[in-house]
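The values are calculated or read from the model by the stated rules, or taken from the named source; none is laboratory data. Every value quoted in this text rests on a predicted model; they were computed, and no experiment measured them. Glycine also receives a Cβ, built like all others from the backbone with ideal geometry; neighbour counts cover every protein chain displayed.
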């Protein structure tokens, strides 16, 4: 008999609780697993011995289904990055203490880049001190910027939100007779995956977004204004999708002062809006898709949620097979019909690395996404789960604040 | 035999196309009605004799169902307010010319306050020149600020978007261990209906939104900061819903300069965010729900969409009964089960007036919504339509740009 622990880390997504359900549901099937501990606020819960008994919290299949349709991290999250052991091993010792004291034989860490670094460091540490605790990383991030894996859980739902919302914004932008420009600012500080996913609308016959800017391409304000003018000659309402992370003059993103002497508190969207207003002079607005793109579970991708649960379950089987220091990854076998398999990669190969849009996904001009990318994106946003509704609002599964304190 | 015309006006909503379908579908049932003309860009289409033949555009029941799930105005919109006839009657004559030339016996104007003013003025003009064209207003606005009617088509879907999204934002805000404040800025320049609708989450057992500010209550920054501090003592993550229209110091809303010497391009949310940051110093962010709250058809209320179609149909029956200068309105008969009837009101009683939140809907402190309001709001957000999906994205019905040119 052994206990296991699971934690959630990094920024919220719509799929991170589904991966928790995957771990939990798989653990229930294993007679050798006794308690399933939830670590509160990511690895901080292990460090501080702040664990909750998941079996007493998730009591039914209905609870699991509700948790799958609940965005964000039910166990809380953290932005904690483990120090190097040479610098400070006190945290490592605290972690080992909790795991030993709680008789935890396997720990599953659902998170992004930083969490995979934690998986890597801890697995090396456990090996050195001969502590037999398996540690497995379950990837998640709306940024889709993890290496090796075809895509990350959480990305498909965020991409679906972006596509559906941009589609609706196109309709909203086309009502008046005067020419206009609409700039939508989409998350992605270094990689343009999420912004690029708005191009799936082209597969529905939409000409918009007419311009798509990603951090992978060098950005020039002059070229941007030229692009906008060109599109305005073709379309009454020009729609622009832009990654929050494109490179702009110093001070714009940090909230200091831009070319126009304005203070930009809201980032790149406002900056481009003001640039169009002052240089072109037409009706223009900017829209920040903000946290809605990562937490709009009512609009999640069924593919994403199902995969997120499956990869959590696969993590448990992997640990039971004796693996450790691994991250679960997706390999895409084919697109017709869309087929993936779940495999493992060494955490060290994934930690602290970023995956960028392939060059062939971007058009030659560097201002839109090529149709070649659509086969990649479309399967990831496919399908809608049946959502349980209460009083017109999707129900959430939550744990009382007092239990998590 | 006669023709009819229909136009859409004002800001987009999720329900305005459903009302168009209501007019169209009802007209198809009437053997005496020949052509159904769509006026492009609201009344401007009538003024400029720019009409399209709806029967050649909407060809099937499937088209109608797609149109019902398409946000915004398929025929375009306008912000045109008719001048007073004493000042300039040339526009009136142009309108009469088009109606006579096209043999239009009834005109249906779907819109908000300004559109009802147009209905009123035109009906008086037609009476004076003895032109037998019935003119009927079909209300719509997410602001819900029209008099006499219990509520307006478009409001229920916007309220559902606000409630569902705020629910998800609550989850997104609760992940980290440090205290935080999240300010959500919601549409409503004069009336707080939409912001107040976020209180339906209290009926689901959520304590958030912990603070709700509407334009009907006098706003004080000092009191706001005191409120936030009080809520922070009770909750780790404080959630604030605020109407874009609350009264703040001169210059803040207009984008000049505020107390802190910052330029606020994004309105009240950013202003309150900066105020909390500088005065309280905790983690804080603001989120503008932006146009998504008026165009997110994927999340519309079935009640709203069904009612929007029904009130459009009722408008046609009303005109055929010989009425003119009327606006169709809802009267709520009871809440258990929710029952409304459609009646008429004189356009003059609705035009240029605003309906505000009743005093008893706001709590004594003026910083939240009373539970008494929930019976009013909850039925309006009830139900989800079956949405037709293509490639993971709700389909839209659109008219080619070239046809509308």
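Below is a table of values for the structure above.
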quantity	calculated
Residue match in the range A:71-89 (condition: assigned by TED's automatic domain parsing to the domain that holds residue A:28, modelled with pLDDT of 95 or more and farther than 25 Å from residue B:179 by Cβ)	no
Residue list for the range B:391-405, restricted to those being part of a loop (DSSP other than H, G, I, E, B) and surrounded by fewer than 16 Cβ atoms within 10 Å (Cβ to Cβ)	B:400, B:405
Test: residue in the range B:92-100 that is in contact (Cβ under 8 Å) with a residue 60 or more places away in the chain and in contact with a helix residue (DSSP H, G or I) (Cβ under 9 Å, 6 or more places away or on another chain)	yes
Where residue A:203 falls short, out of the listed (1) touching a strand residue (DSSP E or B) at 6+ places or on another chain (Cβ under 8 Å); (2) under 25 Å from residue A:355 (Cα atoms)	(1)
Pair list, Cβ under 7 Å, 6 or more apart: the range B:288-299 residue more than 7 Å from chain A (Cβ to nearest Cβ) and at positive phi, other residue modelled with pLDDT of 95 or more and buried (at least 24 other Cβ atoms within 10 Å of the Cβ)	none
Residues of the range B:352-381 classified as surrounded by 14 or more Cβ atoms within 10 Å (Cβ to Cβ) and modelled with pLDDT of 95 or more, total	19
Criterion violated by residue A:110 - all others in (1) within 14 Å of chain B (Cβ to nearest Cβ); (2) under 29 Å from residue A:366 (Cα atoms); (3) crowded, with 24+ Cβ neighbours inside 10 Å satisfied	(2)
Search result, residues across the range A:363-403 that are under 17 Å from residue A:70 (Cα atoms), facing chain B (nearest Cβ under 9 Å) and touching a strand residue (DSSP E or B) at 6+ places or on another chain (Cβ under 8 Å)	A:384, A:387, A:395
Residue under evaluation residue A:278, criteria (1) farther than 11 Å from residue A:18 by Cβ; (2) touching a residue at least 40 places away in the same chain (Cβ under 8 Å); (3) more than 8 Å from chain B (Cβ to nearest Cβ), criterion not met	(2)
Elements of type strands (runs of 3 or more DSSP E) in the range B:118-230, at least 2 residues being within 14 Å of chain A (Cβ to nearest Cβ) and crowded, with 24+ Cβ neighbours inside 10 Å	B:180-186
Pairs with Cβ under 8 Å, 6+ apart, first in the range B:3-21 and modelled with pLDDT under 95, second part of a strand (DSSP E or B)	B:10/B:111
From B:326, B:283, residue being touching a residue at least 24 places away in the same chain (Cβ under 8 Å) and crowded, with 19+ Cβ neighbours inside 10 Å	B:326
The range B:300-313 - residue that is surrounded by 23 or more Cβ atoms within 10 Å (Cβ to Cβ) and under 30 Å from residue B:133 (Cβ atoms) and, of those, farthest from the other protein chains (Cβ to nearest Cβ)	B:311
Failed condition for residue B:356, given (1) within 26 Å of residue B:70 (Cα to Cα); (2) in contact (Cβ under 8 Å) with a residue 24 or more places away in the chain	(1)
Answer from A:388, A:333 - the residue that is over 24 Å from residue A:3 (Cα atoms), out of contact with any helix residue (DSSP H, G or I) (no Cβ under 9 Å at 6 or more places or on another chain) and surrounded by fewer than 17 Cβ atoms within 10 Å (Cβ to Cβ)	A:333
Answer from A:140, A:134, A:218, A:234 - the residue that is touching a strand residue (DSSP E or B) at 6+ places or on another chain (Cβ under 8 Å), more than 30 Å from residue B:168 (Cβ to Cβ) and either at pLDDT 95 or above or not assigned by TED's automatic domain parsing to the domain that holds residue A:23 (or both)	A:134
Helices (runs of 4 or more DSSP H) completely within the range A:260-371 that count 3 or more residues being over 20 Å from the mean Cα position of the chain (by Cα) and within 24 Å of residue A:186 (Cα to Cα)	A:268-279
Entirely in the range A:7-75, the helices (runs of 4 or more DSSP H) that have 1 or more residues that are within 13 Å of another protein chain (Cβ to nearest Cβ)	A:16-28, A:43-47, A:61-68
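Let's see how each residue does on (1) more than 16 Å from residue A:5 (Cβ to Cβ); (2) touching a helix residue (DSSP H, G or I) at 6+ places or on another chain (Cβ under 6 Å):
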| site | (1), (2) |
| --- | --- |
| A:65 | yes, no |
| A:87 | yes, no |
| A:103 | no, no |
| A:108 | no, yes |
